[in-house]
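Here's the structure, in structure tokens; my notes come after.
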Amino acid sequence: MAASRKVASKLTKSRDTQPAQPAQPPVRTTSGRQRRPTKKENYCVSESQHVTHRQENKEKKLEKQKKKALKAAYQAEPDDFKQEPSELHSDIDREEETMFSDHNMPSKLSQPKPKVLTFSAGKIPPTLHNASATCKATTTDCDSESQPEAQVDHTDEGDNNDITEELSPIKKKIDGSRQRMKASDFNDISKEILVMATSIFRCLIVTQAPFPDNVAVETKLAKTAWHEACQIKGINIKLTPSGVKMLLTRTSQVRGELKTKMHSLTASFFGFRTSNSNSVIRQNRDLAESLKDGSVFAFKSSLLGLIGLGVKEGNYKTELLQLGINVMWFANQHDEGVVYHEYFNPMPIEVIALVLTTIECCIDEWLQGLKEDVKFTSATYGTVYHGHFGSLQRFDERTAPYRLLERIRTNLHDTARFHAGVDTLTISSSASRISDAVFEDAIREYQLEEQDDAEPSEL
């Protein structure tokens, strides 16, 4: 304790400053012109400046070491201090402490109605309110500060067990800087909702807006995912801006995850090879260019050799499309495509267009003959996605009488569920149903048993 106080006292002492020496007038010659300094004089001036600069750096370094020692002492034994030393406060904390000192407080004599200044945790100076409203706000704030991080209000109306809760606030480090929000920063109830809402939001993004036009579209989907997660859990938790921000980060994350999983699939499926041989590099370059010509990669792989002859069949029936869907959303029985099957049955056009865009991005990495990393960003591949999406819509319109795209979408979903080890939804529902013929057989069996029991009694 004595050592920590000693460090604090040393840090609070002001530095001794040397009095500034008055500038000497320039030396002039007999003709009146200013004499140039000699090399020795220039050297002396330069040395004095270097000494001053080194001394300043030394003092700054010493002050930084003292502050570091004080911080370590405060973290090790915070009980030895009455309050957190002011030297450890950041500029943000100092501004928050003095942000109200520059405002005049209106008195009762100068104002017909008494007005006071309410507390605000933000950077914007608060507005003036009436005293009655301020008292109510102050009481509410005091009550909320005495409660734990997550505020829970149990309603007594009816037998509903709805819970209204707020996410825990953003934590701050000792130096006043904000920490990045993580799922571990929330309590258990909020964490469950956040995890479920994240999965639902990932499904909503890929099935409705893989490359959203603006933030408003993403925010709407985030609120929808949060509301649905609350309904599934049977509680109502208020979604804060920090929670929305965490959900919005999943948009680019889910696209990056899909591209990572499609890397090796695309290379092995089309036969791209890694080699320094000029012939292999030329083959990779020619293959990539031919696959991108007219989106040939979207056709069935067994017919790719005939496309060069003018035969184009098996459109949107490439096995790579099914492989990408399987590995991304239907890897097992607990994957997102199985748990939230209502978003993928039948397979949305947005998902098909997204996977095709990802395949094209992986092919672009081989356009130079050697594999190079291409960023799968919205700015670069947003227009590519909309191109595939528009082609799928036109294909659906032209083949509407035959319902070709609908069959492709249904087949993609059913095959993906089979890959995950889950029966198709139609088979599972019909297998659990007992037909009326079974009920008729049960009635006839009961009647025969009654007849057999009646014959011995008559004898």
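The values are calculated or read from the model by the stated rules, or taken from the named source; none is laboratory data. These numbers were taken from a predicted model, which means no experiment stands behind them. Cβ: placed from backbone, ideal geometry, glycine included. Neighbour counts: every protein chain shown. Only protein heavy atoms, including side chains, enter the accessible area calculation; ligands, DNA and RNA are left aside. Shrake-Rupley method; radii C 1.70, N 1.55, O 1.52, S 1.80 Å.
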### Task
Could you please put H263, H388, H334 in sequence from largest to smallest accessible area, using a 1.4 Å probe?
H334, H263, H388
### Query
Sorted by accessible area with a 1.4 angstrom probe, largest first, how do R407, R398 fall?
R398, R407
### Query
Roughly how many Å² of K261 are accessible to a 1.4 Å probe, to the nearest 10?
70 Å²
### Query
From the cross-link list K220/K259; K292/K371; K191/K233, which pairs have alpha carbons spaced over 18 Å apart?
K220/K259
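Pull out the extension gain between Y402 and Q75, defined as 0.36 nm times the separation in residues minus the alpha carbon to alpha carbon distance; nm, one decimal.
Gain on stretching Y402 to Q75: 110.5 nm.
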#### Entry: Protection-proxy order for peptides 39-45, 375-381, 414-420, 355-361, each taking the mean of Cβ atoms within 10 Å per residue, highest first
355-361, 414-420, 375-381, 39-45
### Query
At a Förster radius of 41 Å, what calculated FRET efficiency corresponds to the Cβ-Cβ distance of V374 and K238, to the nearest 0.05?
0.50
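Could you sort 324-332, 338-346 so that the peptide with the highest average Cβ count within 10 Å comes first and the rest follow in order?
Ranked from most to least packed, the peptides come out as 324-332, 338-346.
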## Note on the structure
Rounded to the nearest 10 Å², the 1.4 Å probe accessible area of D441 is 80 Å²
#### Entry: Chain lengthening between V217 and K261 when straightened (0.36 nm per residue, less Cα-Cα)
13.2 nm
